[in-house]
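> One structure, as structure tokens, below. Some questions next.
The values are calculated or read from the model by the stated rules, or taken from the named source; none is laboratory data. Just so we're clear, the structure is a prediction, and the values are computed from it rather than from any experiment. Positions of Cβ are generated from backbone atoms using ideal geometry, with glycine treated the same way; all protein chains shown enter the neighbour counts. Ligands, DNA and RNA are excluded from the accessible area calculation, which covers all protein heavy atoms including side chains. Shrake-Rupley method; radii C 1.70, N 1.55, O 1.52, S 1.80 Å.
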Amino acid sequence: MIRRSRLLGGASLAVLSLFAPSVADAQQALPTISVGGARSPVRPGPVGRPVTGPTRVTTAAPNPAQPAPPGFSPRKLALPVYRDPTGQTFTTIQGKDFENMPLLSIRELLQYSPGVSFKQGNGPRDIVISIRGSSARNGFGVRNIVLLEDGFTVTQPDGLSRTDLTDPHAYAGVDVYRGPSSALFGNFANGGAINFRTRTGAEINGVQVGSEFGSFGYLNNFTAIGQKTGNVDIAIFASDVRGDGWTLHNRFDTQTVNATARWQVTPNDLLTFKFIHNQLYSDLSSRLSLNQYYLNPYQGGCYALTQLGATNPLGYLNRSLCASANVSLVGLNPSGAASYQTTAFLAGFNRNDRRDVLGLRWEHSFDNNTVWRTQAIYDDKNIVQPTGSTAALQDEPAVNASTDITQFGSLGGFEARHFAGLYFNRTRYTSYTNNTLPFGTGATGAIQAKQNAMMQNLGARGREEVALSRDVTLVLGLASEMTKIAAVQDQFTYVNALANPRFAQIATFQSVSANKTYWNFGPEASITWRVVPELLTHFRASSGYGTPNPGQLFVNQQGQPGANTNLKTQRNTGIDIGFDWKPNETLLFSLTGFHEWYQNEQIAQSPGAGLLNYTFNAPGSVHRGIETLADWRPIDGWKVLANYSYNNQIFTNFNEQLAAGGVTSFFDRSGYKIPNVPSHNATARLGYDQPFGDYKGLGAFVEYVYQSSYYLDNANILTIPSYGLVNANIHFDRDLEFWPVKNFSIYFEVRNIFDRNWIASANNITNTVALVNGVVVQNGYAQLAQNGTGSIYAGNPRLFQGGVKFKF
């Protein structure tokens with residue numbers, strides 16, 4: 001079940017009336033819901049803090065007449081501060097609501113959190129996650145959001161996260177923190193954070209094996225093994241997933257191991273060990289222009305391209321149907337060297353990546369009120385990615401350490417929880433960019449660039465949660481952080497490429513260095529007020545920040561290799577106002593309104609044809625909208641889940657630089673919509689599971705997923721179409737008294753029932769210009785739709801997937 005979220009806005013009153021329950025018919029109670037990090041009207045206020053670890057106990061006696069202040073229930077105080085932070089706009093997705101459906105990626109889980117949108121990255125499980133429009137311009141991975149797993153950070157120190165290493169079958173739940181959150185999560189949390197929680201050994205309690213299969217060669221075999229014995233709890237998950245993909249040249253093959261062990265060494269000491277291993281191989285197709293998508297969305301027949309020019313009718317047709325990459329014929333890049341128009345299939349573009357994460361956490365309880373937590377993480381990412389005209393090769397080891405102390409006590413005579421901590425993370429790597437060859441399986445040519453980089457973050461954070469009364473809780477938080485980047489990039493070009501490639505000589509060599517230090521502060525304040533036992537309101541003001549990463553510092557505004565060291569930290573300052581309403585145990589409704597001001601937002605753009613993209617700071621933009629969620633269990637067996645998000649995001653201060661024919665012009669984008677942010681996202685599910693009788697466990701649901709159209713360019717010329725997808729599922733889940741099988745489940749699903757063409761991913765398109773009578777003029781829709789390549793991946797057509805699981 002989805003535990004909660006917040007929202008404010010009149011548009012959601014219609015949703016509320018739609019899902020209003022009939023009290024007379026309501027029989028199926030929702031589990032106790034923690035709303036806004038603070039809800040529990042029937043729980044007592046604590047006398048002491050529970051002991052940390054699986055054997056925690058509370059010293060408070062239940063007293064329903066004295067409900068705990070928001071955020072001060074024993075359940076809340078038994079959790080680390082980050083797990084359910086009071087005042088935070090926050091939603092928890094429960095994995096049990098998704099047990100009987102195929103799960104290819106974490107999108108299937110996270111789409112039931114308001115404020116979250118997605119697009120396909122470079123690979124089947126590389127989902128680009130956006131919270132309130134953050135990270136929406138990213139073509140792969142996740143930026144501006146901090147990702148954690150069981151409290152262990154899996155965002156590397158340079159701010160990049162990947163969702164490839166996550167198999168959604170492993171998770172018991174997902175926590176989504178929306179809005180600027182650097183006070184709690186530090187650098188790069190200017191959009192929010194997400195914490196994935198795996199099942200414990202006690203929750204698994206045996207062995208579960210499963211297999212999923214379906215259209216386009218999809219097959220996922222997975223197993224979960226878990227047990228709690230005495231003071232030791234061990235959970236191990238492993239999966240092997242593969243498929244052909246629905247687009248040409250999109251085969252994938254991924255193995256994942258995820259293990260968590262908890263050892264209660266003494267009543268006051270808990271050790272938690274974390275291990276994640278992921279090995280990914282994926283073929284990678286090239287992205288399409290909008291016209292190419294309309295004509296040939298799945299790139300059928302695009303094995304090779306004719307080398308006829310675009311002015312030739314056959315060459316024009318070929319390029320209108322198939323995405324291509326312009327690759328040096330001999331793997332070198334001298335000026336004027338012969339090039340070859342190749343396809344992803346012909347060149348064998350792919351990703352071959354490995355990720356290993358090792359973590360250890362020690363929690364020590366000095367007494368029932370004071371807990372000290374210390375953890376260390378080693379995270380190594382190794383990539384080989386010939387994905388286009390160049391290939392990235394890099395091994396990036398990183399370390400992450402933190403220590404903090406939490407104490408329940410008082411402040412000025414009020415109940416209070418104090419939190420303070422220090423943290424440090426660091427990565428040092430060497431990255432190579434090589435030219436690719438037009439034929440083979442991702443074969444590479446000569447080196448184009450080499451980057452040696454070090455990036456580290458050192459910070460401190462503190463937080464005070466104060467119960468001003470039994471119904472009002474005040475939260476104040478602050479993080480202070482220093483970020484250090486020291487890097488050097490070497491750039492190479494070559495001569496004599498065609499005469500004799502084996503004896504090619506370096507034509508130019510350029511070395512650019514960067515040495516930057518950034519200081520940042522992230523404050524936060526919130527008030528949570530329980531107006532009546534059924535209604536919790538909150539107001540939150542917070543700030544987030546994200547420093548540049550080393551790769552952004554080495555292309556100048558002329559689109560040439562060079563220093564870009566004037567790049568600034570981007571900041572996000574926002575307010576949230578919302579409420580959570582739970583009139584009875586069958587209905588939860590949440591509504592939150594937000595208004596965020598971005599300063600120095602980091603935007604990548606191209607200065608012209610044949611030049612490199614560079615990153616610069618857009619001085620000002622505004623992100624605002626509403627988020628709503630409904631979770632309704634009206635009658636035994638029936639379930640309604642729904643959420644809706646509205647985003648209205650515009651530039652307020654931004655002059656874009658574009659050039660043609662050696663003439664540079666600036667275009668004022670103030671008042672224009674920020675590209676790649678859909679205004680409307682909605683997801684709804686109506687389901688039924690037979691709760692008793694001979695057919696207990698038989699169920700079905702129908703699901704609708706909607707995303708509105710949005711702009712692809714800063715000038716708001718090119719748009720992609722909206723989509724609405726209908727999915728349907730039927731399943732059977734039954735506990736058995738047939739030793740050794742404890743549980744059996746089988747499920748079948750049809751996705752995109754009406755076989756609609758839809759766009760799963762669209763990268764930003766740079767506006768192009770032409771020189772007309774000495775004036776730089778923007779090209780229109782027709783030119784962008786035809787020539788704005790490297791943007792679009794089509795979503796899945798109608799497909800069938802099913803699965804079976806046994807528990808022993």
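> Determine, yes or no, whether Ile753 is β-branched (Val, Ile, Thr) and buried (at least 18 other Cβ atoms within 10 Å of the Cβ).
Numbers: β-branched (Val, Ile, Thr): yes; buried (at least 18 other Cβ atoms within 10 Å of the Cβ): no.
It is false that Ile753 is β-branched (Val, Ile, Thr) and buried (at least 18 other Cβ atoms within 10 Å of the Cβ).
> Filter region 619-647 down to the residues that are charged (D, E, K, R) and open to solvent by 10 Å² or more (accessible area, probe 1.4 Å), then identify the one that is farthest from the chain's Cα centre (by Cα). So that I can check it myself, show each step before the final result.
First, the residues of region 619-647 that are charged (D, E, K, R): 624, 627, 631, 633, 636, 639.
Still in the list and also open to solvent by 10 Å² or more (accessible area, probe 1.4 Å): 624, 633, 636, 639.
Numbers: Arg624: 20, Arg633: 29, Asp636: 34, Lys639: 27 Å.
Once the filter is applied, the top-ranked residue is Asp636.
Each row is one residue, and each column tells you yes or no for (1) open to solvent by less than 10 Å² (accessible area, probe 1.4 Å); (2) under 32 Å from the mean Cα position of the chain (by Cα).
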| site | (1), (2) |
| --- | --- |
| Asp713 | yes, yes |
| Leu736 | no, no |
| Glu749 | yes, yes |
| Ala762 | yes, yes |
| Ile765 | no, yes |
| Asn779 | no, no |
| Tyr793 | no, yes |
| Lys805 | no, yes |
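> With touching a residue at least 12 places away in the same chain (Cβ under 8 Å) and surrounded by 21 or more Cβ atoms within 10 Å (Cβ to Cβ) as the only criterion, which of Val327, Val384 stands out? Don't jump to the end; show me each part of the working.
On the way: Val384 fails: surrounded by 21 or more Cβ atoms within 10 Å (Cβ to Cβ).
Of Val327, Val384, the one residue that is touching a residue at least 12 places away in the same chain (Cβ under 8 Å) and surrounded by 21 or more Cβ atoms within 10 Å (Cβ to Cβ) is Val327.
> Do we find a residue being in a strand (DSSP E or B) and open to solvent by 60 Å² or more (accessible area, probe 1.4 Å) anywhere in region 481-504? Write out each step before concluding.
Kept after step one, since they are in a strand (DSSP E or B), are these residues of region 481-504: 481-495.
From what is left, the residues that are open to solvent by 60 Å² or more (accessible area, probe 1.4 Å) are none.
So far as region 481-504 goes, no, none of its residues is in a strand (DSSP E or B) and open to solvent by 60 Å² or more (accessible area, probe 1.4 Å).
> Can you pull out the residues in region 387-408 that are within 30 Å of Gly331 (Cβ to Cβ), in a strand (DSSP E or B) and of a type in the set (Val, Ile, Thr)?
Selection gives Thr390 alone.
> Of all strands (runs of 3 or more DSSP E) completely enclosed by region 620-722, which ones contain at least 2 residues that are over 21 Å from Gly179 (Cβ atoms) and hydroxyl-bearing (Ser, Thr, Tyr)?
Working: elements: 638-653, 655-660, 663-668, 680-689, 698-707.
Strands (runs of 3 or more DSSP E) meeting the threshold: 663-668, 698-707.
> Please go through region 250-268 and pick out each residue that is open to solvent by 30 Å² or more (accessible area, probe 1.4 Å) and either acidic (Asp, Glu) or farther than 19 Å from Arg197 by Cβ (or both).
If the condition is that a residue be open to solvent by 30 Å² or more (accessible area, probe 1.4 Å) and either acidic (Asp, Glu) or farther than 19 Å from Arg197 by Cβ (or both), then Asn250, Arg251, Asp253, Gln255, Val265, Thr266, Pro267, Asn268 are the ones that fit.
> Suppose the filter is touching a residue at least 24 places away in the same chain (Cβ under 8 Å), surrounded by fewer than 22 Cβ atoms within 10 Å (Cβ to Cβ) and in contact with a Ser or Thr (Cβ under 9 Å, 6 or more places away or on another chain); does Gly123 pass it?
Working: touching a residue at least 24 places away in the same chain (Cβ under 8 Å): yes; surrounded by fewer than 22 Cβ atoms within 10 Å (Cβ to Cβ): no; in contact with a Ser or Thr (Cβ under 9 Å, 6 or more places away or on another chain): yes.
Against the criterion (touching a residue at least 24 places away in the same chain (Cβ under 8 Å), surrounded by fewer than 22 Cβ atoms within 10 Å (Cβ to Cβ) and in contact with a Ser or Thr (Cβ under 9 Å, 6 or more places away or on another chain)), Gly123 does not qualify.
Here's the yes/no breakdown for (1) aromatic (Phe, Trp, Tyr); (2) touching an Asp or Glu at 6+ places or on another chain (Cβ under 8 Å):
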site: Val257; (1), (2): no, no
site: Ala261; (1), (2): no, yes
site: Phe273; (1), (2): yes, no
site: Asn278; (1), (2): no, yes
site: Leu284; (1), (2): no, no
site: Tyr293; (1), (2): yes, no
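> So, Thr92, is that one among the hydroxyl-bearing types (Ser, Thr, Tyr), in a strand (DSSP E or B) and either at pLDDT 95 or above or in contact with a strand residue (DSSP E or B) (Cβ under 9 Å, 6 or more places away or on another chain) (or both) or not? Give the derivation first.
On the way: among the hydroxyl-bearing types (Ser, Thr, Tyr): yes; in a strand (DSSP E or B): yes; either at pLDDT 95 or above or in contact with a strand residue (DSSP E or B) (Cβ under 9 Å, 6 or more places away or on another chain) (or both): yes.
Yes.
> If you don't mind, another one. Could you list all residues from region 420-430 that are free of Cβ contacts under 8 Å to residues at least 40 places away in the same chain and either within 26 Å of Ser389 (Cβ to Cβ) or of a type in the set (Val, Ile, Thr) (or both)? Don't jump to the end; show me each part of the working.
First, the residues of region 420-430 that are free of Cβ contacts under 8 Å to residues at least 40 places away in the same chain: 422, 424, 428-430.
Matches in region 420-430: Tyr429, Thr430.
> If you don't mind, another one. Pairs, please: C-beta under 8 Å, at least 6 apart or cross-chain, first residue in contact (Cβ under 8 Å) with a residue 24 or more places away in the chain and in region 184-204, second surrounded by fewer than 22 Cβ atoms within 10 Å (Cβ to Cβ) and assigned to a helix (DSSP H, G or I)?
Leu184/Tyr82; Phe185/Tyr82; Asn195/Tyr82; Asn195/Arg83; Arg199/Gly95
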